Amino acid sequence: GLLGVFCALDFFLFYVFWEIVLLPMYFLIGVWGGKNRLYAAIKFFIYTLVGSVVMLICMLVLYYTAEPNTFNLLSLMTVVRGGEWFSYGLQWWLFLGLFVGFAIKVPVFPFHTWLPDAHVEAPTAVSVMLAGILLKMGGYGLFRISYPMLPDAAASNFFIALLAILGMINIVYGAFCALAQKDFKRLVAYSSVSHMGYVLLGLAAMTYYGVNGAALQMFNHGVSSAMMFLLVGVVYDRAHHRDLTRFGGLGLQMPWYTGVATVGFFASLGLPGLNGFISEAMCFLGAWGGTEQASLVASEVGTHGIASRWIVVVSLLGVILTACYILWTIQRVFLGKIRNEEYKKFPDLSFREIFALAPLGALCVILGVWPAILIDFMDGTLTTMTDVVRSVIGN
């Protein structure tokens, strides 16, 4: 299903594969999850199904309004942008509907509440897949369908401000929630909510820096969050709990685990030299407008004062809060005295665990020092999309 979503050039096939993903995830959480697995699985199912229904309505409107009728995404992009049947008002409502469908998967506040419950109840392997790949379906839908197909609506003051403000809320609110958690896995889940806010902020800016940063952030988050959930799974297999207040002193007992975990934690924090830093910096730089292009978030022309650089300033608070909960988690888990004599019996990383964690840690370092590997690959497509949306402002 995931491969189909990312490869489909037909809207109908895209929708079919989107729905195919839903059922396996429901059973993976509902059958093999924790004690509240049914609640988490049903909540995930309902949220996703609501988004799918809205997306289906938009897809059918696009099909029946287009001349000739087609589900082909490339043809629809040409027809919608150049057709007299797609007025600004129709594009506006279609963009809103598609945004709701994709926002649930990102997830965007206030559609995010299914994610922490799903992560907490899901097995480690399912959490890795959910955070690493599944959440990117929503962002990919915005990049692949909403923005290039409906540029008039995407460039409107309302949606520029909406995405920027929701991105800011995601960043700050997710970080505050993570800071309040005692459950190790729930903390990582809320950090995902925070980090996906950067994607919305970069998209709202619609500059080359912002859009490339948003796309890079999706990939980087997939790597670092997958690593974080694996790290939580490693310690859970030994302690059989995730209560951060009961850990302590594991740094000396499990030195290899501590070393690998430090890379994953600092990548999530956005430490320079690791992958999280460059994508977040590009999103902020693009949204601030400190490049050759004026950011649609910061520009009076783009937003008429609805949103401004204050959104970027407030979003920067999320960086500080992220440092707080990451460093506090490191202190509670790895430093201090061992709180339980049983922890002295914990073995360090096994070969199987190293085999799973090492490639992710290596990617965190490689993409931190050489992000051009991905940026050069994505830049052509993203530049074309950015030019299409910005041309609407120019006209």
Which members of the range 199-213 meet the condition of being among the aromatic types (Phe, Trp, Tyr) and under 22 Å from Ala153 (Cβ atoms)?
Tyr208
Residues (more than 22 Å from Tyr325 (Cβ to Cβ) and either among the small types (Gly, Ala, Ser) or outside any helix (DSSP H, G or I) (or both)) located in the range 200-231:
Gly202, Ala204, Ala205, Met206, Thr207, Gly210, Gly213, Ala214, Ala215
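Residues are listed down the side, and each one gets a yes or a no for (1) surrounded by fewer than 17 Cβ atoms within 10 Å (Cβ to Cβ); (2) out of contact with any Gly (no Cβ under 6 Å at 6 or more places or on another chain):
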| site | (1), (2) |
| --- | --- |
| Glu19 | yes, yes |
| Met25 | no, yes |
| Gly34 | yes, yes |
| Leu38 | yes, no |
| Lys43 | no, yes |
| Pro68 | yes, yes |
| Leu76 | no, yes |
| Ser87 | yes, yes |
Taking the options Leu90, Leu142, name whichever one is free of Cβ contacts under 8 Å to residues at least 60 places away in the same chain, among the aliphatic types (A, V, I, L, M) and within 27 Å of Tyr64 (Cβ to Cβ).
Leu90
Output yes when any residue across the range 362-374 is outside any helix (DSSP H, G or I), at pLDDT below 85 and more than 13 Å from Met254 (Cβ to Cβ), and no when none is.
no
Could you say whether any residue in the range 351-371 is of a type in the set (Phe, Trp, Tyr) and more than 30 Å from Tyr209 (Cβ to Cβ)?
yes
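Against the definition (in the same structural domain as Met129 (by the TED database), under 22 Å from Gly132 (Cα atoms) and aromatic (Phe, Trp, Tyr)), how does Phe71 come out, yes or no? Show your work before the answer.
Numbers: in the same structural domain as Met129 (by the TED database): yes; under 22 Å from Gly132 (Cα atoms): no; aromatic (Phe, Trp, Tyr): yes.
No.
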Does the range 245-257 contain any residue that is closer than 21 Å to Leu115 by Cα and either more than 21 Å from the chain's Cα centre (by Cα) or touching a residue at least 24 places away in the same chain (Cβ under 8 Å) (or both)?
no
Kindly check whether there is at least one residue in the range 62-78 that is assigned to a helix (DSSP H, G or I), of a type in the set (Val, Ile, Thr) and out of contact with any Lys or Arg (no Cβ under 9 Å at 6 or more places or on another chain).
yes
Asp379 passes all but one of (1) charged (D, E, K, R); (2) without any contact (Cβ under 8 Å) to a residue 40 or more places away in the chain; (3) closer than 30 Å to Tyr140 by Cα; which number fails?
(2)
Is it the case that Phe229 is in the same structural domain as Gly264 (by the TED database) and either surrounded by fewer than 24 Cβ atoms within 10 Å (Cβ to Cβ) or of a type in the set (Asp, Glu) (or both)?
no
Going through (1) assigned to a helix (DSSP H, G or I); (2) under 25 Å from Met385 (Cβ atoms) one by one, Gly30 fails only at (2)
Inspect all residues belonging to the range 192-199 and state whether any of them is outside any helix (DSSP H, G or I) and assigned by the TED database to the domain that holds Lys345.
no
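The values are calculated or read from the model by the stated rules, or taken from the named source; none is laboratory data. Keep in mind it's a predicted model, so treat the numbers as computed, not measured. All Cβ positions, even for glycine, are placed from backbone atoms using ideal geometry, and neighbour counts span all protein chains on display.
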